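**Q** Can you read through this structure? Questions will come right after.
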Amino acid sequence: MKLRYFLFSDPDVALKTYVIVPRDYVDEALGELLKLGVFEAIPQEGGKRADEIREYIALVEKSRKIVDTLNSYIKEQVEVEVKEIPRDTRKAMEQLSEKLAEVVEIVGELDKKEVKYLDRLRSISMLRKYLANVNSAYPEADTSLLDYEGALLTVKTLWGVKSDVDELKKMAEHIISELVLDGQTSIATLVFRRDVLEEVHRESERRKVRVLEISKAYGLEPLSAVIKRILAEEEAIKSELEKLEASRNDTIKRHLHDIAVLKILTEAETSKAELLKSALQSKHMALVLGWIPRSKRDEVYKSLRDIPFNITFEEDPNPPVEFNNPKPFKSFEMFTELNGYPSPREWDPTPFLTYFYILFFALMFTDAGYAIGLMMGAKYILPLFVQNPETLKKLRRIAYITAVASIVTGVLSGSFLGSLIGRYISLAIPVQVIPSMPPGLGDYRVVADVVNYYIKLALLLGYIVVLISHFIGFLKAFIKARDLWSALLEVCIVVIMIFGPAYVKWRFNVQQNIDVFNLLKILPVQILEFTLYVVLLLLILAKVKSTGFMGIMLWIFDVVGIMGDIFSFIRIAGIALGGMMLAEIFNNFVYGAMSSLSPISIGLGIAAGICMAFMLHLFNLASSVLGPYIHSLRLILYEMSSKFYEGSGRKLSPVKVVLGTVSLGVISR
């Protein structure tokens, strides 16, 4: 497990799972998955799910064809680094296949042009070779030697398959020239009588032999000049072919990364698509569809090892999740769950919130005696109010952990039922790390000092916690959500919290030292003022970009809200001081009872004191124990996690058999 999981963990994201088994083994497979307790079935609505699978198979096949087509144009091996694969593979394949289909269409149009140019180049190259052959025999000849119509005789140049041209040669009176190219194609210039010309045209058309109209195409020119024109045309066509090749290569090059990503996705999904395709087409196979946590894949394989099966997994854009925290934090997951389950795109803050929850509770409940009473109450009284064994186990664990923390703060403050027994702890620990109320609240100056200490501690703690929460909000927006405007908004709030106290102290001449970082001793006030004005403008801009036009007004609540969040931590001081004062007031009652009854009988005075101490401190424990729990929970939910946690995920709800206590008999109505 990653060390980071002791601060922020990642939820265990479920994978869409396709289990293919013989139809005779469906019940057995479902039974094994039920025992395992990690499989959430996806209802198959008639043929809708089958249609979705067919669409998915068609998408994979289409993507594979696109990749193969574009890959065929890459003549040399190219290495493309793909650093990240989209989580939603199906959506990514849809988008990439649609985008690259347009590329295939563009390249296809270039191919059509290339084919036309190549056909033209082949034709004129063969014609040039023939003309060169004729020109070598008749150096002074012009185009009339190859294409002429007279009153009695005509000269025609024929181009076609050698066997067909040979048949037409039988109708000729004379053969001026003939050249066989590539073993099959023949070009021949023949002299025909005028009266058979129509028959020659009909036979040529039937045999698909071309009658070249050279005089019409090139005019009456020497053959040497025609050859030069053809050479120039060949160069022009070659130039156009080079341009087409360059355009095609450039088009492919601009989309190499997309092709590489689609190839990876297609290769990963092809085997699954083939498997699903065979399952749909088979009469003997059945498909079981559901969700399984990513971390439980090996367990699923083991549970089905005695059954003939095939299984494949698919990532989904909106999968259900499960908490994935280290064991010590499992009980505290119920607090995070109050704000919802984490989505796959955010951190689970349970461990981070747990530390502060325990700290807040321990500062509000600083009495070792009450903490021991809390443990006993969790052991013997809590089961009377909580019937669910799993919930009871979690609540007990929370109570024990927070009670231990309270024992620590109780010892550090020298409090055990207030000063009743706490005074003896103070003798063992002469220096109090955390101040406590004087016995019987007798010294009002000490009371005032303790109140002042707790208020300052609460405000300073609130300032630090809110600052850290906004910084985590920045990290979440920048790293997880990739929302730059929200990240800028959080950065602005952090800067205002750092520079703001120093500026307020200087501007309003505040006597209290609220300059937390002593910036007034480090930076000129002009820099402080300029920085805050710039950051304030950036905050307004970020708010407008994040929330729209109303952000022009809403930014005020972000700035004022900082003070509200910090002052909310005053509750730590209020609850802690209230419990301590009430304990000392009750101790006065105890001392008074013992003093008044001791003259009658020392034993009676001690017994009365013990009895009264038990009842009064039990009442104080019962009336004050819920406050720290509730207000610690409020602080971590509203003043902390609201800055960086959305809780927009969905809980995985596997079908499972839960073993435990079963209540039978009377049913409450």
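The values are calculated or read from the model by the stated rules, or taken from the named source; none is laboratory data. Owing to the predicted nature of the structure, the values given are computational and were not obtained by experimental measurement. Cβ coordinates were reconstructed from backbone atoms using ideal geometry, including for glycine residues, and neighbour counts include every protein chain displayed.
**Q** Return the only residue of Ser224, Ser215 being assigned to a helix (DSSP H, G or I), more than 30 Å from Leu110 (Cβ to Cβ) and in contact with a Pro (Cβ under 9 Å, 6 or more places away or on another chain).
**A** After applying the criteria, what remains is Ser224.
**Q** Within region 348-378, track down each residue that is of a type outside the set (Val, Ile, Thr), closer than 20 Å to Arg571 by Cβ and surrounded by fewer than 22 Cβ atoms within 10 Å (Cβ to Cβ).
**A** Tyr355, Phe356, Leu359
**Q** Within region 95-108, is there a residue that is aliphatic (A, V, I, L, M), in contact (Cβ under 8 Å) with a residue 24 or more places away in the chain and either closer than 30 Å to Val191 by Cα or assigned to a loop (DSSP other than H, G, I, E, B) (or both)?
**A** Within region 95-108, none of the residues are aliphatic (A, V, I, L, M), in contact (Cβ under 8 Å) with a residue 24 or more places away in the chain and either closer than 30 Å to Val191 by Cα or assigned to a loop (DSSP other than H, G, I, E, B) (or both).
**Q** Which one of Glu274, Glu235, Glu242 is at pLDDT below 80 and out of contact with any strand residue (DSSP E or B) (no Cβ under 7 Å at 6 or more places or on another chain)?
**A** Glu274
**Q** I'm told Asp182 meets every condition in (1) modelled with pLDDT under 90; (2) surrounded by 13 or more Cβ atoms within 10 Å (Cβ to Cβ) except one. Can you identify the failing condition by its number?
**A** So the condition that Asp182 fails would be (2).
**Q** Quick one: which residue in Leu618, Leu604, Leu577 is part of a helix (DSSP H, G or I), over 46 Å from the mean Cα position of the chain (by Cα) and within 18 Å of Ser406 (Cβ to Cβ)?
**A** Answer to the selection: Leu618.
**Q** Across region 127-151, which residue is modelled with the highest pLDDT among those that are over 14 Å from Pro222 (Cα atoms) and either in a loop (DSSP other than H, G, I, E, B) or within 60 Å of the chain's Cα centre (by Cα) (or both)?
**A** Among those residues, the one meeting the criterion is Gly150.
**Q** Given the criteria in contact with a Ser or Thr (Cβ under 6 Å, 6 or more places away or on another chain) and surrounded by fewer than 18 Cβ atoms within 10 Å (Cβ to Cβ), does Phe332 qualify?
**A** no
**Q** Check off (1) surrounded by 15 or more Cβ atoms within 10 Å (Cβ to Cβ); (2) modelled with pLDDT under 90; (3) charged (D, E, K, R) for Lys156 and give me the number that stays unchecked.
**A** Every condition holds for Lys156 apart from (2).
**Q** Then there's this: Can you find, within region 1-23, the residue that is nearest to the chain's Cα centre (by Cα) among those that are assigned to a helix (DSSP H, G or I) and without any contact (Cβ under 8 Å) to a residue 40 or more places away in the chain?
**A** Arg4
**Q** Being of a type in the set (D, E, K, R) and assigned to a helix (DSSP H, G or I) is the filter here, so list the residues in region 157-201 that pass it.
**A** Of everything in region 157-201, those that are of a type in the set (D, E, K, R) and assigned to a helix (DSSP H, G or I) turn out to be Lys162, Asp164, Asp166, Glu167, Lys169, Arg194, Asp195, Glu198, Glu199.
**Q** Additional query: Quick check on my filter: what residues within region 575-598 are in contact with a Ser or Thr (Cβ under 9 Å, 6 or more places away or on another chain) and buried (at least 18 other Cβ atoms within 10 Å of the Cβ)?
**A** Ile575, Ala576, Gly579, Met580, Leu582, Ala583, Glu584, Asn587
Each row is one residue, and each column tells you yes or no for (1) without any contact (Cβ under 8 Å) to a residue 24 or more places away in the chain; (2) of a type in the set (Lys, Arg); (3) assigned to a helix (DSSP H, G or I).
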| site | (1), (2), (3) |
| --- | --- |
| Asn325 | no, no, no |
| Ser331 | no, no, yes |
| Pro351 | no, no, yes |
| Leu359 | no, no, yes |
| Met376 | yes, no, yes |
| Pro383 | yes, no, yes |
| Gln387 | no, no, no |
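**Q** Filter region 425-453 down to the residues that are within 14 Å of Leu577 (Cα to Cα), assigned to a loop (DSSP other than H, G, I, E, B) and out of contact with any Phe, Trp or Tyr (no Cβ under 8 Å at 6 or more places or on another chain) and list them by number.
**A** Across region 425-453, the qualifying residues are Ile434, Ser436, Met437, Pro438.
**Q** Another question, then. Take Ile572 and decide whether it is in a helix (DSSP H, G or I), surrounded by 13 or more Cβ atoms within 10 Å (Cβ to Cβ) and of a type in the set (A, V, I, L, M).
**A** Yes, satisfied.
**Q** Within region 172-216, track down each residue that is in contact with a helix residue (DSSP H, G or I) (Cβ under 8 Å, 6 or more places away or on another chain) and over 23 Å from Leu131 (Cα atoms).
**A** Glu203, Arg207
**Q** Looking only at region 295-323, which residues are assigned to a strand (DSSP E or B) and either closer than 14 Å to Phe39 by Cβ or of a type in the set (Val, Ile, Thr) (or both)?
**A** Correct list: Ile311, Thr312, Phe313, Pro320, Val321, Glu322.
**Q** While we're here: Can you tell me which residue in region 414-431 is nearest to the chain's Cα centre (by Cα), limited to those that are farther than 21 Å from Ala622 by Cβ and either of a type in the set (Asp, Glu) or buried (at least 19 other Cβ atoms within 10 Å of the Cβ) (or both)?
**A** The extreme case among them is Gly414.
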